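Written below as structure tokens is the structure these notes are about.
Any read-out appearing in this document is the output of simple, stated calculations on the displayed coordinates, not a laboratory observation. Small disclaimer: the values here were computed from a predicted structure and weren't measured. Every residue, glycine among them, receives a Cβ derived from its backbone with ideal geometry; neighbour counts consider all protein chains shown.
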Amino acid sequence: MSNNRSPEDPAFPNAGGKDWGLSRRELLAAMAMQGYISLEDQRTCPKDRINEVEIWRQEIVESDAKYCVRVADAVLAELSKEGGAK
């Protein structure tokens, strides 16, 4: 794999000239999310927020998504380093 590729380059470039599907960044974030959500979740809504549990759940989902994007960015940054995985 070439290290000169952009995170927004397609994960699966098409030799026929037309790219499709997810970008490299989107694919890595999706893979991170898949692994992350497969773990047992022990988080519980704090008692002082029990009346807004749906808001709390949405905040957790957004936080998890941001974390997975950061993981994808870290993988791409590591791959782009000189001497990184090729």
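Listing for the model above:
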item: Span per principal axis, largest first, for the Cα atoms of segment 10-80 (Å); result: 56, 24, 18
item: Ranked by how many other beta carbons lie within 10 Å on average, peptides 35-42, 23-30 from highest; result: 23-30, 35-42
item: Cα centre as origin, Lys/Arg/Asp/Glu Cβ charges: segment 10-80 dipole, Debye; result: 160 debye
item: Ascending count of other beta-carbon atoms within 10 Å, so fewest first, for 45, 68; result: 45, 68
